[in-house]
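To start, the structure under review is shown below, and the notes come after it.
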Amino acid sequence: MGIPVTVVIARWQLRSALDQAQLAYRAAIEAAEAAHRTALQQAEAAHRTALEVAHAQIKADHDKWLEEAQRTSFHAFQSAVGRFRRKLEEGANRRELLNTASDLHDLQYELSLVCPEELSRLARNLYSACRFEVLHRIDDYTTHAERVALYDTMIKPLRVEITEFARAHFERRQDPSGS
């Protein structure tokens with residue numbers, strides 16, 4: 001009888017060892033799955049962070065490009081207004097003034113592509129004053145004093161208005177807090 005009891009005890013020990021191995025296997029699988037989930041969460045968090053950083057950089061680069069484009073367009077437009085004023089005051093004929101007004105039109109359109117609507121509206125008003133108001137009031141016999149008066153009454157106030165708006169706009173862009 002000593003042999004069968006030993007076999008039963010060995011069987012129980014074998015079964016107990018197998019159960020312990022099975023439990024250890026399941027625990028190892030659960031630990032591996034938990035580690036895998038944690039690693040995935042960390043990878044996803046790192047990916048989201050990298051995307052946020054990339055989006056912020058892209059936005060900053062775009063904002064910088066847009067501000068440079070706005071400033072360049074605005075300065076080109078203002079330079080064209082200055083050329084119009086000089087030609088007007090120097091007594092240029094209607095054709096020369098019309099060519100300069102055409103440059104103003106092109107620059108006003110360029111400005112409208114990159115600048116805020118209000119700045120674009122002010123540029124349109126200034127172009128219209130040069131092209132339609134001033135040019136229709138002059139001829140080859142308009143005196144220098146009359147030309148200066150036309151500029152001072154019809155163009156200069158609009159130029160001051162657009163300059164003040166642009167200055168405020170660019171100052172706001174430089175101060176992102178909005179204060």
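The values are calculated or read from the model by the stated rules, or taken from the named source; none is laboratory data. Small disclaimer: the values here were computed from a predicted structure and weren't measured. All Cβ positions, glycine included, derive from the backbone under ideal geometry; neighbour counts span all protein chains shown. The protein model used for the area step is the full one, side chains on, heavy atoms only, and it has no ligands, DNA or RNA in it. Shrake-Rupley method; radii C 1.70, N 1.55, O 1.52, S 1.80 Å.
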Quickly work out the H55-to-D19 label distance, labels modelled 7 Å from Cα along the C-beta direction, and quote it in nm with one decimal. 5.4 nm
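Which percent of the accessible area of the chain is formed by carbon and sulfur heavy atoms (probe 1.4 angstrom)? Could the numbers behind the result be given before it?
Values: 7000 of 12240 Å².
Answer for the chain is 57 percent, counting heavy atoms of protein chains only.
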What is the angle, in °, between the Cα long axis of helix 117-128 and the longest principal axis of the Cα atoms in the chain? Nearest 10 is fine, range 0 to 90. 20 degrees
Once every DSSP H run of n ≥ 4 in the chain is given -39500 (n - 2.57) and the sum is divided by its residues, what mean residue ellipticity at 222 nm do you get, rounded to the nearest 500 deg cm²/dmol? -30000 deg cm²/dmol
Which residues in the stretch 58-84 have a backbone N closer than 20 Å to a point placed 7 Å from the Cα of F132 along the Cα-to-Cβ line? 81, 84
How many Å² of accessible area per residue for the stretch 1-116, probe 1.4 Å? 73 Å²
Label-to-label distance, nm, for residues given as T143 and D175 (7 Å Cα→Cβ offset): 4.7 nm
Using 7 Å Cα-to-Cβ label points, what is the R26/S102 separation (nm, one decimal)? 8.8 nm
Candidates for Rg and Dmax of the Cα atoms in Å are (1) 35.0, 108; (2) 23.3, 70; (3) 38.8, 140, and the calculated one carries label (3)
Report the residues of the stretch 106-148 in range of a label on E161: point 7 Å along Cα→C-beta, backbone N strictly under 13 Å from it. 118-130
